[in-house]
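Notes to accompany the following structure.
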Amino acid sequence: AFGSPDLFDAACETLDRYTDKTPTTPDTLGTIIDAARNAGFGRSDGGFESEIHSLSAPLFDQTGEFCGAVTVASVASRSTPELEQIIKTELATASREITKNWGGVIPAAIEHTWSCVLASQQTVETTS
């Protein structure tokens, strides 16, 4: 979602199925990548292990290139919207700190996406 198109091409070379939720076609993987790009966070809901849910935030190096991700994995049955909000907030913080320590900067578009996504989730929480 945050790297070069070459990463997508490389990922599509080996779309092995690990669970019923593993993306096994370029179209399915592309849909997941688009969702990550739109949300600013990657997620896996049982794609590698059926009972594991994970959220990720991108990391960037001193050249401004995507170079990895920081991820939190949890047992799917224990995941709640409130916990997801906390995890996303902490992932954004960790991503900023790690990226800064590597001499990089989070791209403005991702910072904007995070601020919108995290603010909208905050609004949902306070009106519930």
Quiz item: Quick one: Karplus J couplings for the stretch 46-61, per residue in order, coefficients 6.51, -1.76, 1.60, θ = phi - 60°, nearest Hz, x for Gly and Pro?
Solution: x, x, 10, 10, 4, 9, 10, 10, 9, 10, 9, 10, x, 10, 10, 9
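So if R0 is 30 Å, what FRET efficiency would ARG17 and LEU83 give, r being the distance between their Cβ atoms, rounded to the nearest 0.05?
The pair ARG17/LEU83 has a calculated efficiency of 0.60.
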Quiz item: Excluding GLY30 itself, what net charge comes from residues whose Cβ is under 14 Å from its Cβ, given Lys and Arg +1 and Asp and Glu -1?
Solution: -2
Quiz item: Around ASP6, what is the net charge, scoring Lys/Arg as +1 and Asp/Glu as -1 over all other residues with Cβ under 14 Å from its Cβ?
Solution: -3
Self-check item: Rel. contact order, % - alpha carbon contacts under 8 angstrom, at least six apart, the chain
Solution: 21
Self-check item: Three principal axis lengths of the stretch 8-124 [C-alpha, angstrom, descending]
Solution: 36, 34, 21
Quiz prompt | GNM flexibility winner over the chain from THR14, THR99, THR31 (Cα, springs under 10 Å) | solution = THR14
Quiz item: In square angstrom, what is the accessible area per residue of the chain with a 1.4 angstrom probe?
Solution: 61
Self-check item: Per-residue HN-Hα couplings for the stretch 38-43 [Karplus 6.51, -1.76, 1.60; θ = phi - 60°; Hz; x = Gly/Pro]
Solution: 6, 8, x, 9, x, 8
Quiz item: How much of THR93 can a 1.4 Å solvent probe reach, expressed as accessible area in Å² and rounded to 10?
Solution: 50
Quiz prompt | Amide proton proximity set for ALA69, modelled H, under 5 Å, gap of 5+ | solution = LEU59
Practice problem: Could you tell me what percent of the accessible area of the chain is made up of carbon and sulfur, with a 1.4 Å probe and every protein chain present? | Solution: 56
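In debye, nearest 20: dipole of the chain around its Cα centre with unit charges on the Cβ of K, R (+) and D, E (-)?
So the dipole magnitude of the chain works out to roughly 300 debye.
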Quiz item: To the nearest 10 Å², what's LEU7's accessible area with a 1.4 Å probe?
Solution: 90
Quiz prompt | Cβ-based net charge around LYS21, under 14 Å, with every Lys or Arg adding one and every Asp or Glu removing one | solution = -3
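The values are calculated or read from the model by the stated rules, or taken from the named source; none is laboratory data. Everything quoted here is computed from the prediction, not taken from an experiment. In this analysis, Cβ positions are derived from the backbone assuming ideal geometry, glycine residues included, and neighbour counts consider all displayed protein chains. These area figures cover heavy atoms from the full protein model, side chains too; ligands, DNA and RNA do not enter into them. Shrake-Rupley method; radii C 1.70, N 1.55, O 1.52, S 1.80 Å.
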